[in-house]
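Chemist: Have a look at this one before I ask anything.
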Amino acid sequence: MSVDPVLARLAHQPGRLSYLGSRYLLIRPETIVAMQRAVEAVLGDRAAECFAAGGRAGGGKAMADLPGEPAARIATLLATGSSIGWGRFALESFTADRLVVVVHESPFAEAYGTAETPVCHLTRGVLESLARSVLGDGWTVRETECAAVDAPACRFEAEPPRERAAR
Ligand SMILES: [Zn+2]
C-alpha cells in the first residue's frame, strides 16, 4: 500500500501537526457532531449556517494557498479532502456555471446517524469556498443528497447568487 501524498508531508512536532506550513489537528467526527447537535438544540435550522461558516473559513485558507488553474485547484482540494479523511471526494461536473461534487463515506454523516435533512455543513462550507474561488463571489453550495438522509453518498451542488436571491 502506498503512502498518501498528503499524509507523507504532514510534519509533526510535539503538540503541533502541520501540512505545508498550515496547522492541522486530528479530531473525532463524534466531537464535531456533538458540537453540531448542541448548536442545533439552541439555534435550530440556523445552526447549519454556523458550521458552513466554519467550513468556509478553513476552505478559504486552503484555497488561498492553492496555485494553478481552476480545474487543477479543484482537483487538489478534492484530493486533499480525501487524504485528510473527510470522505472520498469526486468531481461530478465542472463547467463555467456548474460545480457538483460527490462525497462518499462522509465522516459527519456517518457520525450523525439518520437525519431528516442533510448534515454535512462543514463540507458544504469548504466547497462553498471552492465554488467562490473558481466560479465567482456570491456562489453558494447546497447539499442536495446526504448519506444521513438515506442517500448512497453526499452530493453538493453550487448555486449562482441570483438563484439564491430568487428563493
Ligand atoms: Zn452529507
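Chemist: Spelling out what I want: for every residue of segment 67-78, take phi, set θ = phi - 60°, compute 6.51 cos²θ - 1.76 cosθ + 1.60 (Karplus), and round to whole Hz; glycine and proline get x.
Modeler: x, x, 6, x, 4, 5, 5, 4, 4, 5, 5, 5
Chemist: What GluC sites (Glu not before Pro) does segment 90-161 have in DSSP loop regions with at most 13 other beta carbons within 10 Å?
Modeler: Glu116
Chemist: Give me, ordered by chain and number, the residues 5 or more places off Glu92 or on other chains with an amide H under 5 Å from its own placed amide H.
Modeler: Val100, Val101, Val102
Chemist: Note the full-extension length gain between Thr114 and Ala64 as 0.36 nm times their separation in residues minus their Cα-Cα distance, in nm to one decimal.
Modeler: Stretched out fully, the Thr114 to Ala64 stretch lengthens by 14.5 nm.
Chemist: Taking amide H positions as placed 1.01 Å from N in the peptide plane, with prolines and chain starts having none, which residues 5 or more places from Thr144, or on another chain, fall under 5 Å of its amide H?
Modeler: Arg155, Phe156, Glu157
Chemist: For segment 1-155, what is the largest minus smallest coordinate of the Cα atoms on each principal axis, given in angstrom and ordered from greatest to least?
Modeler: 43, 38, 31
Only the coordinates and a few stated rules stand behind these numbers; no lab work does. Note that the structure is predicted; figures quoted are calculated from it, not measured. Counting neighbours? That spans all protein chains shown, and the Cβs are built from the backbone with ideal geometry, glycine included.
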